[in-house]
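Colleague: Encoded as structure tokens, here's the structure I'll be asking about.
The values are calculated or read from the model by the stated rules, or taken from the named source; none is laboratory data. Here the structure is a predicted model, which is why all the values come from computation and not from measurement. We place every Cβ from the backbone using ideal geometry, glycine too, and count neighbours over all the protein chains shown. Note: accessible area is taken over every heavy atom of the protein model, side chains too, but ligands, DNA and RNA are not part of it. Shrake-Rupley method; radii C 1.70, N 1.55, O 1.52, S 1.80 Å.
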Amino acid sequence: RSGVGIVVDNCDQPGARIFMEQVYLGDSDNNLLVDRLDHADVSMHDLGHGGARGVSIRVIGGAAQAAGQATSGRVDLFGGESGGGNLTYQVEHGGRLMVQDCWFEGTPGFMRLTDSGTFTLNNANIAAFDHSHTVSGNGAVELDGFHGQVAFLNTTFTSTSALVKG
């Protein structure tokens, strides 16, 4: 059984910054939930995360992001590893997430994007080996009716399939 470890409230203002260095987040419903921030900069370096029952890192955009407006708010992860659990990354309602220099290994699915936002994965290795346990059984990376921008740069997909539809 897990509970809330850290809550940062009322932080969505221009110039706000939340920074984590060498933190491990694991075995929660959502290991990190960034919920409706338009202005705050959430940055993580050398983050380990995994074993989430829901989504390990879930980013929900604020009202301005959901409306497609330009904002300064973003979530950036530089270096780390993840594995296990249900899903690793998800963006919703115009949320913005950039992941760089990370390794994912294990089952079941890596990510399934069905809403809207921006997701960038740069310089990563995705090794998901058992496709029978992914969300829909179709692949470790699924884009289903997603509206927004998705970029995979310098990323290796090992024994992993992708599904893009809708």
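Colleague: Provide the solvent-accessible area of ASP12, counting protein heavy atoms only and rolling a 1.4 Å probe, rounded to the nearest 10 Å².
Modeller: 60
Colleague: Another question about this same structure. Would you kindly state how much longer the chain becomes between THR158 and CYS11 on full extension, computed as 0.36 nm times their sequence separation minus their alpha carbon distance, in nm to one decimal? All intermediate terms of the calculation are to be shown ahead of the outcome.
Modeller: On the way: separation 147, 0.36 × 147 = 52.92 nm, distance 3.85 nm.
Contour length minus Cα-Cα distance gives 49.1 nm.
Colleague: At a Förster radius of 25 Å, what calculated FRET efficiency corresponds to the Cβ-Cβ distance of HIS147 and GLN100, to the nearest 0.05? Don't skip to the end; give the middle numbers.
Modeller: Details: r = 23 Å, r/R0 = 0.93.
The calculated FRET efficiency here is 0.60.
Colleague: PHE19 versus ALA70, label points 7 Å from Cα toward the beta carbon: distance in nm?
Modeller: Those two pseudo-labels are separated by 2.6 nm.
Colleague: Let me ask you something else. Can you run phi through the Karplus equation (6.51, -1.76, 1.60; θ = phi - 60°) for the stretch 32-46 and list ³J(HN,Hα) in whole Hz, with x for Gly and Pro?
Modeller: Each residue's phi maps through the Karplus curve to give 9, 10, 9, 10, 6, 9, 9, 10, 6, 9, 9, 10, 10, 10, 6 Hz.
Colleague: To the nearest 10 square angstrom, how much accessible area does GLU142 have with a 1.4 angstrom probe?
Modeller: 10
Colleague: For every other residue with a beta carbon closer than 14 angstrom to the beta carbon of TRP103, add +1 if it is Lys or Arg and -1 if Asp or Glu, then tell me the sum. Can you show the working numbers first?
Modeller: Details: positive: none; negative: ASP46, GLU81, ASP101, GLU105.
Local charge sum for TRP103: -4.
Colleague: Probe 1.4 Å, all protein chains in place: accessible area of HIS39 in Å², nearest 10?
Modeller: Here the accessible area works out near 70 Å².
Colleague: From the phi angles alone, apply the Karplus equation (6.51, -1.76, 1.60; θ = phi - 60°) to the stretch 53-60 and give each ³J(HN,Hα) in whole Hz, x where the residue is Gly or Pro.
Modeller: 6, x, 10, 4, 10, 10, 10, 10
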